[in-house]
1. Determine the pairs where a residue that is under 15 Å from VAL54 (Cβ atoms) and surrounded by fewer than 12 Cβ atoms within 10 Å (Cβ to Cβ), located within the stretch 1-26, has a partner that is modelled with pLDDT of 95 or more and among the aliphatic types (A, V, I, L, M) with Cβ atoms under 8 Å apart, the partner being 6 or more residues away or on another chain.
2. Would you be able to tell me the number of residues in the stretch 19-55 that are under 16 Å from MET1 (Cβ atoms) and outside any helix (DSSP H, G or I)?
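The values are calculated or read from the model by the stated rules, or taken from the named source; none is laboratory data. Model, not experiment: these values are computed from the prediction. Ideal geometry is used to build each Cβ from the backbone, glycine not excepted, and the neighbour counts take in all protein chains shown.
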Amino acid sequence: MKTLYDVQQLLKRFGIFVYVGKRLWDIELMALELDHLHQTDVIDNHTFIAAKLVLAREHKIEENKEQNCN
């Protein structure tokens, strides 16, 4: 798992489609959905950690973009 698209495809396998309208918010909601999948043992630790790392990286990128715009 390397990209945000990969995380989206993982969530899609469980019928979870995320689109709030703002990329940062989408990433945050995806992280919450991943937490729920992991807590209920639907996804394993390796998949969970890999997806969370991708989301953390993307979240940081989006935060930096917002800071640079201000």
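1. Correct list of pairs: LYS2/VAL54; THR3/VAL54.
2. 3
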